[in-house]
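Shown next, in structure tokens, is the structure this report addresses.
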Amino acid sequence: MNAQRPLVEVRDLKMHFPIHSGLLRRQTGAVKAVDGVTFDIYEGETLGLVGESGCGKSTCGRAVLRLYDLTSGEVVVDGRAIGTESQGSLRRMRTTMQMVFQDPQACLNPRMTVGAIIGEPLDEHTDWPRKKKRARVEELMDQVGLNRAFLNRYPHEFSGGQRQRIGIARALALKPKFIVCDEPIAALDVSIQAQVVNLLEELQDELGLTYLFISHDLSMVRHIADRVAVMYLGKVVELAPRDALYDEPLHPYTEALLSAVPEPDPAMAGRKRERIVLKGDVPSPANPPAGCNFCTRCPKVMEVCHRIDPAFREVRPGHFAACHLNDPRYGPEHSESAEPTAPEATRTQHGGTR
Amino acid sequence: MPAGDARPVLEVRDLRTVFQTRGGEVHAVNSVSFDVKPGELLGVVGESGSGKSVTMMSLVGLLPMPPAEVRGGEVLLDGEDLLKVSPARLRDVRGGEVGFIFQDPMTSLNPVFTVGFQIIEPIRRHMGLNKRQARERAVELLELVGIPGARGRLSDYPHQFSGGMRQRVMIAIALACDPKVLIADEPTTALDVTIQAQILEIVEDLRARLGMAIVWITHDLGVVAGIADRVMVMYGGQVVEHAPVHPLFNDPRHPYTRALLRTIPTVTGARADKLQVIEGQPPMLGAAPSACPFRDRCPLAFDRCHAENPLREVVAPNHDVACFHPLAHTAKEAVA
Ligand SMILES: Nc1ncnc2c1ncn2[C@@H]1O[C@H](COP(=O)(O)OP(=O)(O)OP(=O)(O)O)[C@@H](O)[C@H]1O
Ligand SMILES: Nc1ncnc2c1ncn2[C@@H]1O[C@H](COP(=O)(O)OP(=O)(O)OP(=O)(O)O)[C@@H](O)[C@H]1O
Ligand SMILES: [Mg+2]
Ligand SMILES: [Mg+2]
């Protein structure tokens with residue numbers, strides 16, 4: 001926000017998952033879940049990461065924390081390059097960076113009580129006496145709106161939303177500097193969503209936390225994020241300060257996303273609203289189309305889009321987008337037929353450094 | 001749209017479900033009643049932990065017993081009480097006449113079987129298709145819910161799918177056998193708005209074309225406002241308000257419903273500094289209710305609310321509310 005020091009720097013990050021097929025299970029291709037993304041997250045800010053299901057948001061978040069071995073690219077956290085560091089030496093850094101997982105089930109050991117789950121990071125990384133740990137666990141439960149009386153219950157005895165909050169409490173236990181929140185509130189009702197979001201914001205003010213906030217809930221992202229990155233099929237297609245993104249989206253995909261938000265307008269309730277549904281094939285990340293990844297569904301597609309992958313450019317100060325419409329050579333006011341093509345094709349890796 | 005006088009395909013009366021835990025009983029569902037007609041969509045909203053999932057899982061025997069116990073009530077599917085039928089018949093109903101989309105896709109998809117197997121198997125069992133036909137139908141279904149490259153992904157395992165893709169696989173499985181009743185428990189929480197819109201289109205189409213009755217649990221009030229015919233609001237294991245969608249949003253009567261509607265952020269208009277929350281803790285549900293479950297958080301609570309549990313009372317056509325306060329029984333125009 002005011003201090004513009006990047007806490008996290010991500011450069012041309014790629015995370016490809018091999019596809020094996022045939023009798024011999026040979027590698028025959030790769031799912032390009034994250035295919036070259038570049039962004040910074042400033043200290044104390046919240047960067048929202050939005051985009052369609054399957055576009056690579058979770059993979060990106062996990063890769064930034066090095067929960068995977070990267071295919072290529074670099075990640076710098078707090079001045080330290082961790083792109084190729086071994087998992088062993090990363091362990092000590094785990095106290096400063098944490099993750100709230102999308103699937104609460106994935107991180108909750110069914111044989112441990114809730115108290116033990118939330119306190120586990122404290123057991124692992126502190127030598128506090130039992131009483132102090134217990135007090136901290138209770139404090140965390142209060143903060144996320146879980147009744148302390150449930151301390152000795154097991155995860156399956158909770159509702160979906162309650163389980164999600166167990167994961168949040170656990171991630172907060174060590175007061176980390178940087179938290180990747182992967183859909184932390186998707187399973188919660190609006191009041192508890194608000195409670196959790198308010199909590200995340202309070203902690204940010206108090207402790208100067210930095211968040212990568214992954215969500216498909218555009219209204220919640222508008223509330224919590226300082227800047228927002230929009231992902232489509234493994235790439236960041238737009239990145240801008242919040243208000244600029246919501247008021248003046250530069251990428252047609254962002255426009256489509258914003259237009260599809262269902263709004264609970266009481267005056268409209270009961271009447272059916274016009275929904276804009278993107279038409280066209282959703283390409284597979286194993287086999288992205290030639291040219292721009294969005295060309296198969298873009299309502300404003302031009303001829304050039306099928307040939308050339310648009311570069312990720314700073315169109316206005318701080319407002320980045322990867323779309324030919326913003327390129328004076330191809331944009332709407334120009335006829336595209338007379339344009340040269342060859343040199344651009346080699347410069348297509350979006351995300352030059354910023 | 002449902003014909004006003006059609007008979008309900010699913011009728012639930014006075015359902016009560018209790019869990020035995022080491023810490024004592026948890027009364028998760030307390031005298032819940034509702035019904036759905038063919039082609040109708042009933043939205044279910046309510047606080048986290050209010051018993052939405054447990055209610056629906058009780059209907060078709062999806063809860064492990066023990067610790068769960070359905071203490072009473074009737075669940076009539078076309079007149080047949082599902083609480084009384086044999087386990088074999090219940091297995092037939094599940095995934096056949098009643099499709100169920102679970103809230104947590106990872107717990108309901110089996111990690112050791114491929115996604116393809118998990119869709120194809122129920123299609124073969126319930127629809128009597130052969131392997132090839134079932135496979136084709138599986139591909140068709142995955143394409144319908146927008147999984148790119150569907151054919152090539154049948155041999156993938158659930159962990160190779162993203163959160164939202166797993167949820168869509170669940171939706172495909174639930175729709176596989178053209179159920180009469182679809183119970184969808186937070187089916188679109190992991191989905192972005194565009195795919196959500198696509199799923200909502202499919203659902204609209206299915207209920208218009210096949211007359212599928214749908215129970216749609218969600219905390220997304222925007223979705224409810226757009227697709228539901230009627231809405232039921234749950235709090236502390238009970239139905240506290242039930243109304244057609246328009247009055248529910250425009251003339252909510254229960255203090256919880258009113259508070260809930262005030263908590264929603266938007267993508268347009270002014271951006272609030274702090275989001276609204278409903279102060280206080282949800283009830284513990286340790287015993288059958290003997291007072292209003294919302295009393296400790298309710299701005300309108302008075303003596304009677306602490307002494308007696310309000311029953312649902314009709315306050316307007318098709319609109320009922322469980323609240324003693326006179327405001328709950330006064331229409332909005334009359335107040336203003
Ligand atoms: N196996 C269990 N043992 C004990 N209590 C349980 C069990 N399963 C659920 N509960 C309790 O029953 C209550 C209702 O849970 P349910 O899952 O129906 O909530 P929900 O309304 O679906 O909430 P959410 O919106 O968070 O999914 C909760 O308070 C929960 O803690
Ligand atoms: N372990 C894996 N092996 C193979 N493919 C994977 C693996 N993990 C993810 N993928 C694939 O990578 C792509 C991106 O997945 P990811 O989970 O990052 O999506 P997402 O943006 O988080 O979506 P959602 O909003 O649905 O959670 C998907 O096509 C997914 O199938
Ligand atoms: Mg994800
Ligand atoms: Mg639930």
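The values are calculated or read from the model by the stated rules, or taken from the named source; none is laboratory data. Computed from a prediction, not measured in an experiment: that's the story for all the values here. Virtual Cβ from ideal backbone geometry, glycine too; neighbours counted across all protein chains shown.
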So which residues in the stretch B:202-240 are part of a strand (DSSP E or B) and either within 16 Å of ligand 2 (Cβ to nearest atom) or in contact with a Cys (Cβ under 8 Å, 6 or more places away or on another chain) (or both)? B:VAL240
Answer yes or no: is there a residue in the stretch B:316-328 that is among the hydrophobic types (A, V, I, L, M, F, W, C), modelled with pLDDT under 90 and in a strand (DSSP E or B). yes
Only residues that are of a type in the set (Asp, Glu) and either under 23 Å from A:THR28 (Cβ atoms) or buried (at least 18 other Cβ atoms within 10 Å of the Cβ) (or both): list them for the stretch A:278-313, please. A:ASP281, A:ASP309
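Name the residues in the stretch B:137-188 that are in a helix (DSSP H, G or I) and within 16 Å of the chain's Cα centre (by Cα), would you? Write out each step before concluding.
If we filter the stretch B:137-188 for residues that are in a helix (DSSP H, G or I), which is where we start, we get B:137-144, B:150-153, B:158-160, B:163-175.
B:GLN167, B:MET170, B:ILE171, B:ALA174, B:LEU175 - these are the residues of the stretch B:137-188 that are in a helix (DSSP H, G or I) and within 16 Å of the chain's Cα centre (by Cα).
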Residue check, A:ARG134 against (1) under 22 Å from B:VAL26 (Cβ atoms); (2) more than 11 Å from chain B (Cβ to nearest Cβ), all met but one. Which one? (1)
Within the stretch A:314-325, how many residues are surrounded by fewer than 21 Cβ atoms within 10 Å (Cβ to Cβ) and in contact (Cβ under 8 Å) with a residue 24 or more places away in the chain? 6
Can you tell which of A:VAL190, A:VAL196 is more than 16 Å from ligand 2 (Cβ to nearest atom), of a type outside the set (Phe, Trp, Tyr) and without any contact (Cβ under 8 Å) to a residue 12 or more places away in the chain? A:VAL190
Selection from the stretch B:65-92 of residues that are free of Cβ contacts under 8 Å to residues at least 60 places away in the same chain and touching a helix residue (DSSP H, G or I) at 6+ places or on another chain (Cβ under 7 Å): B:VAL70, B:LEU82
Of the residues in the stretch B:54-82 that are modelled with pLDDT of 90 or more and within 16 Å of ligand 4 (Cβ to nearest atom), the one that is nearest to the other protein chains (Cβ to nearest Cβ) is B:VAL54
Going by what's in this entry, would A:THR84 be described as of a type outside the set (A, V, I, L, M, F, W, C) and in contact (Cβ under 8 Å) with a residue 24 or more places away in the chain? no
Say whether the condition of being out of contact with any strand residue (DSSP E or B) (no Cβ under 7 Å at 6 or more places or on another chain), on the phi < 0 side of the Ramachandran plot and at pLDDT 85 or above is met by at least one residue in the stretch A:159-166. yes
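Here's the yes/no breakdown for (1) touching a Lys or Arg at 6+ places or on another chain (Cβ under 9 Å); (2) within 11 Å of chain A (Cβ to nearest Cβ); (3) of a type in the set (Val, Ile, Thr):
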residue	(1), (2), (3)
B:LEU200	yes, yes, no
B:VAL215	no, no, yes
B:TYR235	no, yes, no
B:ALA243	yes, yes, no
B:ASP251	yes, yes, no
B:ARG262	no, yes, no
Search result, residues across the stretch B:35-50 that are more than 9 Å from ligand 1 (Cβ to nearest atom), at positive phi and part of a strand (DSSP E or B): none
Need the failing condition index for A:PHE158 against (1) more than 16 Å from ligand 2 (Cβ to nearest atom); (2) more than 8 Å from chain B (Cβ to nearest Cβ), just the number. (2)
Can you name every one of the helices (runs of 4 or more DSSP H) wholly within the stretch A:1-111 that holds 1 or more residues which are within 16 Å of ligand 1 (Cβ to nearest atom) and within 30 Å of A:SER159 (Cα to Cα)? A:104-107
Which fully enclosed helices (runs of 4 or more DSSP H) of the stretch A:118-210 have 2 or more residues being under 23 Å from the mean Cα position of the chain (by Cα)? A:160-172, A:190-207
